[in-house]
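This report refers to the structure that appears directly beneath it.
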Amino acid sequence: MTVYALGEPLLLVVAAVLYLASSVGYGAHLLLRTPSLAVGARALAWAAVAVQTVAIGVHCAQTHQTPFTTPAETLSAVAWAVALAYLALELTLRPKPTALGAFALPASFLFLFGGAVLQRDAALSVRHVSEANLLDSNVISLHVLALLFAFGLLTLAFGCAILYQAQHRMLKQKRVLGGLFGLLPPLARLEQIAFALVSFAFPLLTVGLIAGILRAAGGGMGSGWAADPKVIASFVSWAVYGAYLTLHVALHWRGPRANYFLLGGLLVMLATLFAPTTHRFD
Amino acid sequence: MPLVTLGINHISSPVALRERLAISEHELGDALRSLGALAPVSEGAILSTCNRTEVYAALSPETAGAEDLLAEWLAGRHGLRRQEFDGHLYSYRDSEAAGHLMSVAAGIDSMILGEPDIQRQVRLALEAAQGARSVGTLLQRLFQEALTVGKRVRTETGLARGSFSVGAAAVELATQIFGESLSGHTVLVLGAGKMSEVTARHLQARGAPTVLVANRTYEKATHLAAQIGGEARRFDELSDALLSADIVVCSTSAPHFVVTRSLVKEAMRARRNRPLFLIDIAVPRDVDPSVDALDNVYLYNLDHLQAFVAKARHARESEISKARAIVQAGADEYSRWRSGLEVAPLVVAVREKLDAVRLAELSRLRARLPGLSDKEWRLIEQAMQSVTNKIAHPAIVALKDASGSDTSATEMDAIRRAYGLADVVAPTNDEAPAPFLRLEDTRKAGGE
């Protein structure tokens, strides 16, 4: 049986199940601290990424389109980018930030599930064939891929901020018995990882936006592209992360105040996916 | 002679109240002299640590309202009104008071179960009282017995093994902020006491490379720094030390806040918001509690460590019952000794009374029978001695058997009346008056 015969939807279902199973594994490891749970969860996460990579390949082969032509497809791709970014982080960091896995893999599952819900109108992707053709340029590929990986990294930074806030609240409120106390990474490490993630993501975000501006200025989006809500939201998110880095480096903002930028930044990024838009190349 | 304990501790009151009733080491001599000057107090001792202030007093038997008297003294000494701490005081009498001190010395009553430092603190309290000449036979024996019981509990039970100390709590919290290894994080110790040393050693063992020691007396800081391989700092260099230190252990005996909000706020600006972890184990507290509201500052005092303690206590419940059995045996032994001590005057009085009767009868007989030889007189004296011994014997045996029992007061009273010895006073065993707590109640209410 070939992957073509399996079809993209079935592969995405398999990937979703694997993401879910991996999420459960990372969650159980967070609570029980059994090393074999983390090993199993990691294997499932790699399997999920592999299956979704095949699904993306099948999509491209069948439709001759990049898989980012609709918000649904973009969400699915973000799921893949988040999982891949997390696994890359595991390969890079020692000790492995497995507590972040309990956030990243559920996020991947939810993005994929959200994409599937949006994808219900199958005709939607057909309607955008003409637009998709317009996406078939190097500049737009750069625009989409840069933003996609930036999204993945910033989702992980958001996860770090969430874990930081949880740990910070427990320490401030002296809730040091039971619950998640002692199970989350130390504050300093979460802050370090979040900053590193944004430091990598911000250049990608910048490149992605510049590529988009170049393509839009080159024509195809109409004269009012700069006032488009999606474009405005994209610039706001860039400004939020730019402010985070500036305040972190220049004014040494640390802790909860800095985390609010990471939390708010991702919400603005999500808004770019769902904002009413004239983001069309017609 | 009633023995009374009146106190306040980490179970009965929050640190904000405890620190107001604390008696520092340098005030102890004066406090003991003032306690001893109270008219009904024949012996007095004070145990004041970061978790408790307890007054031990032996009072004259006719003293009414001994607990009230001691509470008033405590209030007057600290310039407080009774209402400010009345509901937080506990008291014990006689054998319960003895058992309480033994539990304290054994570390059963400590916030950190089985912690070793309390043994030293009980010894210091005894030495201070001996120095102030405020202890006599009763309290001297009680404190020595308590130290023996404390030692037995530590060697015969697992109560102190792997004891969860303030140092261990500090390490656990610090790793939640800075990471598993504390390498690269400087520790500042304020105050050169034993607790500071223990805590600093725990943090060093987790990798903290540099320990700065600051103390009002620079020589003490130098001494502690030399002991733990740290660096001494002058106390007026505190603001500079706060810039390099990430973990600050505070245990000075200062009566006011040493680390103020403005000092920390200024330091946080200069240290570019790097997290600062303050652990305040001093009573009175060293760190202004409002410091905790500052961003990236985490402040823990002794009350906040209760959660850790509860966890450690739960793990060693079985050892507590063994330790309690040793304490009970020690308290019973002390009670027996003390009761023996209390019947002794009556035993002596009974003997003296009978001897007086015997001598008086002999003297009368000599006048009536002038012609008896010395040998005959010796026989008569031996016979009378034997008679008085036989008369005294059942009474003395009854007194010794009754000592320490619930009926001893009744039996002593009966013998006193039988021999016409009304002026030999009986011991009292009154219950503590109502306004004072009993620690069993507070523990059940969720103390430790």
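Residues that are small (Gly, Ala, Ser) and either under 28 Å from the mean Cα position of the chain (by Cα) or within 12 Å of another protein chain (Cβ to nearest Cβ) (or both): does segment B:293-302 have at least one? Among the residues of segment B:293-302, at least one is small (Gly, Ala, Ser) and either under 28 Å from the mean Cα position of the chain (by Cα) or within 12 Å of another protein chain (Cβ to nearest Cβ) (or both), which makes the answer yes.
Here B:Asp86 passes the criteria (1) surrounded by fewer than 18 Cβ atoms within 10 Å (Cβ to Cβ); (2) in contact with an Asp or Glu (Cβ under 7 Å, 6 or more places away or on another chain); (3) charged (D, E, K, R) except the one numbered (2). If you go through segment B:261-269 one residue at a time, do you hit one that is in contact with an Asp or Glu (Cβ under 6 Å, 6 or more places away or on another chain), open to solvent by 10 Å² or more (accessible area, probe 1.4 Å) and within 14 Å of chain A (Cβ to nearest Cβ)? The answer is no, given that none of the residues of segment B:261-269 is in contact with an Asp or Glu (Cβ under 6 Å, 6 or more places away or on another chain), open to solvent by 10 Å² or more (accessible area, probe 1.4 Å) and within 14 Å of chain A (Cβ to nearest Cβ). When the strands (runs of 3 or more DSSP E) confined to segment B:164-250 are screened for residues that are more than 14 Å from chain A (Cβ to nearest Cβ), modelled with pLDDT of 90 or more and open to solvent by less than 10 Å² (accessible area, probe 1.4 Å), those reaching at least 2 such residues are found at B:186-190, B:211-215, B:245-250.
Taking segment B:79-110 as the range and being outside any loop (DSSP other than H, G, I, E, B) and hydroxyl-bearing (Ser, Thr, Tyr) as the test, the residues that pass are B:Tyr90, B:Ser91, B:Tyr92, B:Ser95, B:Ser103. For segment B:169-198, residues that are within 20 Å of A:Leu187 (Cβ to Cβ) and out of contact with any Asp or Glu (no Cβ under 7 Å at 6 or more places or on another chain) total 17. Inspect segment B:333-343 for any residue being within 14 Å of chain A (Cβ to nearest Cβ), at pLDDT below 80 and part of a helix (DSSP H, G or I) and give the result as yes or no. No, the conditions are met nowhere in segment B:333-343.
Just one of the listed residues (B:Ala125, B:Ala132) is more than 20 Å from B:Ala323 (Cα to Cα), open to solvent by 10 Å² or more (accessible area, probe 1.4 Å) and at pLDDT below 95, and it is B:Ala132.
Any idea which residue in segment B:49-70 is modelled with the lowest pLDDT, counting only those that are surrounded by fewer than 22 Cβ atoms within 10 Å (Cβ to Cβ) and among the small types (Gly, Ala, Ser)? The extreme case among them is B:Ala64.
Only residues that are within 14 Å of chain B (Cβ to nearest Cβ) and either at pLDDT 75 or above or under 23 Å from the mean Cα position of the chain (by Cα) (or both) were counted across segment A:121-178, and they come to 14.
Each row is one residue, and each column tells you yes or no for (1) open to solvent by 20 Å² or more (accessible area, probe 1.4 Å); (2) under 29 Å from A:Arg94 (Cβ atoms).
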residue	(1), (2)
A:Ala188	yes, yes
A:Ser199	yes, yes
A:Arg215	yes, no
A:Gly218	yes, no
A:Asp228	no, no
A:Ile232	yes, no
A:Val240	yes, no
A:Thr246	yes, no
A:His252	yes, yes
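The values are calculated or read from the model by the stated rules, or taken from the named source; none is laboratory data. Predicted model only: the values in this text are computed from it and were never measured. Don't worry about glycine lacking a Cβ; one is built from the backbone with ideal geometry, like all the others, and counts go over all protein chains shown. These accessible areas exclude ligands, DNA and RNA; they are computed on the full protein's heavy atoms, side chains included. Shrake-Rupley method; radii C 1.70, N 1.55, O 1.52, S 1.80 Å.
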